[in-house]
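Here's the structure we're looking at; comments come further down.
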Amino acid sequence: MLWLGILLWGLIQPPTIEFVPMYGGLGGGGPVEMNHSGCIAPAERMEVQAAIRRFQAINPTVMGAPSKYPMYPQSGNLWDDLFVNNFTDIDLTSGERDYECTNFVYNGHQGHDSDIRSFMEQELGYPVQAVLDGQVVATRDGEFDRQTSASGAPANYVVLWHGGDHLTYYWHLRRNSVAVSVGQMVRAGQHLGMTASSGSSTYPHLHFESWNDNNWFEPSAGACRSGSSQWQRQTNIRRDMYLREFAMTDQHIGNYPGLPWELPRKGTFAPGQQPLYWYMIVHNLPAFSNWRFRFFRPDNTLHFDTGTYGFNNTSPYRWAWFWWFWSFSTPFTGQWRIDAVFNGNVVASAPFFISNDATAGHGPPAEPTSVSLDPPIVRADRPVALRVRMPLIRHRNYHPVTYRYQWLVNDAVVREAEHGAHSDVLPVGSFQPGDVVRGEVIVMESLGNGRGPYGAQTIVDGGDANGDGCVDDTDLAIVLSQFGLAHPPADFNEDGVVDDTDLAIVLSAFGRGC
Ligand SMILES: [Zn+2]
């Protein structure tokens, strides 16, 4: 804990205003080690393998190459609101090695662990989808879903068969969220359940595991996993430093009871001497990093600069959380700002309110920075996601934010869902070649204030080269001007070149969506 500011403050404060001395500093936190053993407990794995054998006895399997995965089977965006904590352990001895030859694994891990931000967001909902068309082999539901230790407790889960000898596992699901039953046929992108922390789990995450020809395998390709990627479009490991959460409160974070409880959130503080508390999740913090905070008044003048202090981390922190506090009194009411400066770079610019009006920070959430369809050329044989990119601080008073999604095919609503994830998925089978697919989202704050809708649309199987949702002479001109070239937006059939097949696609879709 640091006690400082009294002497410096005495030098710079306006002499006509009486201030109570400021004090504060780094309160606590540190590196987080999520799930370092057994996502699937041995007894549970035996139970699942028995279910698979029963299924295979009546569904003969053949060996063969599995189909490629069109997208990660969980709502949210990888390395944005989702963080992949562990990959599979390529090293079959006691070592730990992921597909890029680093150590983002635990010994013997056989899947990908994608963490959401908090238990609060588990309650808001993070949907999990089938990665491919398939049939349900095994499920379990009804188990406690707020585990904080890898203790071998039973999980809620789904196992799917995709033909051949290809199986996928979806683990740690939320209690009473499993939406499919054994024997049911599912389509790629179809909702299976919600992300949670059931079973042998320390934090809400999806454990996604792939098996083929009686062996588990790593879907991602890299320096330590040769061959082609199992993903149609692989997202590689993010290694730059970034913040995944930032929030403020007036509650003493030192009194936090620990997981699975959610940290309090508040962004409006009454004038007067008080500690402000704030906390964050940070990833890829380099060794020997330093921090500094700068407080700005409503008129944007600098009120206080903490100076620079070390985290004293002698090794890099891949996943860490920290909290700070500062106590000060001020006569300046209105919207303030704290800038977080790590290693000389501003990594967050966080608003807060000093006001006698407790509702000063209420109101609509932040605007998305972008809303887009993924993939941009929607295919009838693949699911499509609507991806929302949000600023780090999603509400200026740190209220929980949800996303109200609506999907339309040829102007008819085909799916509605509201949850906490930064993307939603429309499964295969919901649309056909030539259909106009539109995704919309309204960003909702917990008090009911919304912002939007924001939307994006396109034509299934191509024709919309400029991505404006309508096939017209602009798209025709793009195809003609790129004829013979490799220009992905106009290469609708993805054969590497814009040619007469693409011209035929734009002509047959002409006028769609306009
Ligand atoms: Zn796992």
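The values are calculated or read from the model by the stated rules, or taken from the named source; none is laboratory data. A quick note: this is a predicted structure, and the numbers were derived from the prediction, not measured. Note: ideal-geometry Cβ built from the backbone for every residue, glycine included; neighbour counts use all protein chains shown.
When each of Phe353, Phe322 is tested for being over 19 Å from the mean Cα position of the chain (by Cα), among the aromatic types (Phe, Trp, Tyr) and within 15 Å of Met280 (Cα to Cα), the lone residue that passes is Phe322. Would you be able to say whether some residue in the range 45-53 is within 16 Å of the ligand (Cβ to nearest atom) and either at pLDDT 85 or above or not assigned by TED's automatic domain parsing to the domain that holds Ala385 (or both)? Yes - at least one qualifying residue is present in the range 45-53. Within the range 74-98, how many residues are within 14 Å of the ligand (Cβ to nearest atom), within 16 Å of Tyr170 (Cβ to Cβ) and assigned to a loop (DSSP other than H, G, I, E, B)? Total meeting the criteria: 1. In the range 99-143, the qualifying residues are those that are buried (at least 24 other Cβ atoms within 10 Å of the Cβ) and acidic (Asp, Glu), and the one that is farthest from the ligand (Cβ to nearest atom) is Asp115. Within the range 193-228, restricting attention to residues that are among the polar types (S, T, N, Q) and more than 16 Å from the ligand (Cβ to nearest atom), the residue that is surrounded by the most Cβ atoms within 10 Å (Cβ to Cβ) is Asn212.
Would you pick out the residues in the range 149-172 that are farther than 26 Å from Ala57 by Cβ and among the aliphatic types (A, V, I, L, M)?
Answer for the range 149-172, where residues must be farther than 26 Å from Ala57 by Cβ and among the aliphatic types (A, V, I, L, M): Ala150, Ala153.
Show the residue pairs meeting these rules: Cβ distance below 8 Å; 6+ apart or different chains; first residue within the range 101-115 and closer than 14 Å to Tyr170 by Cα; second residue near the ligand (Cβ under 8 Å from one of its atoms) and of a type in the set (Asp, Glu). Matching pairs, first to second residue: Gln110/Glu209; Gly111/Glu209; His112/Glu209. Only strands (runs of 3 or more DSSP E) whose full extent lies in the range 299-373 are considered here, and the ones with at least 3 residues that are crowded, with 17+ Cβ neighbours inside 10 Å are 317-328, 334-342, 345-354.
Considering the range 18-44 alone, what residues qualify as being at pLDDT below 90 and within 21 Å of the chain's Cα centre (by Cα)? Let's see the steps before the verdict.
First, the residues of the range 18-44 that are at pLDDT below 90: 18-24, 32-38.
Matches in the range 18-44: Val32, Glu33, Met34, Asn35, His36.
Restricting Gly452, Gly434, Gly420, Gly469 to residues that are small (Gly, Ala, Ser) and touching a helix residue (DSSP H, G or I) at 6+ places or on another chain (Cβ under 6 Å) narrows the list to Gly420. Taking the criterion of being assigned to a strand (DSSP E or B), more than 16 Å from the ligand (Cβ to nearest atom) and under 20 Å from the mean Cα position of the chain (by Cα), the residues of the range 158-192 that qualify are His191, Leu192. Here the range 144-157 is the region considered, the condition is being surrounded by fewer than 20 Cβ atoms within 10 Å (Cβ to Cβ) and part of a strand (DSSP E or B), and the residue that is farthest from the chain's Cα centre (by Cα) is Ser149.
Look at Ala287 and say whether it is surrounded by fewer than 18 Cβ atoms within 10 Å (Cβ to Cβ), in contact (Cβ under 8 Å) with a residue 12 or more places away in the chain and out of contact with any helix residue (DSSP H, G or I) (no Cβ under 9 Å at 6 or more places or on another chain). Yes; evaluated as a whole, the condition is true for this residue. Scanning the range 432-452 for residues that are of a type in the set (Lys, Arg) and within 14 Å of Arg415 (Cβ to Cβ) yields one hit, Arg438. Checking the range 277-285 against the condition returns no match, with no residue being more than 30 Å from Pro66 (Cα to Cα) and either at pLDDT below 95 or assigned to a loop (DSSP other than H, G, I, E, B) (or both).
Candidates in the range 251-284 are the residues that are without any contact (Cβ under 8 Å) to a residue 12 or more places away in the chain and over 25 Å from the mean Cα position of the chain (by Cα); of these, the one that is nearest to Phe83 (Cα to Cα) is Pro257. Across the range 229-249, the number of residues qualifying as acidic (Asp, Glu) and surrounded by fewer than 16 Cβ atoms within 10 Å (Cβ to Cβ) comes to 1. Assess whether Gly513 counts as being within 20 Å of Val437 (Cβ to Cβ) and touching a strand residue (DSSP E or B) at 6+ places or on another chain (Cβ under 6 Å). Criteria met by Gly513.
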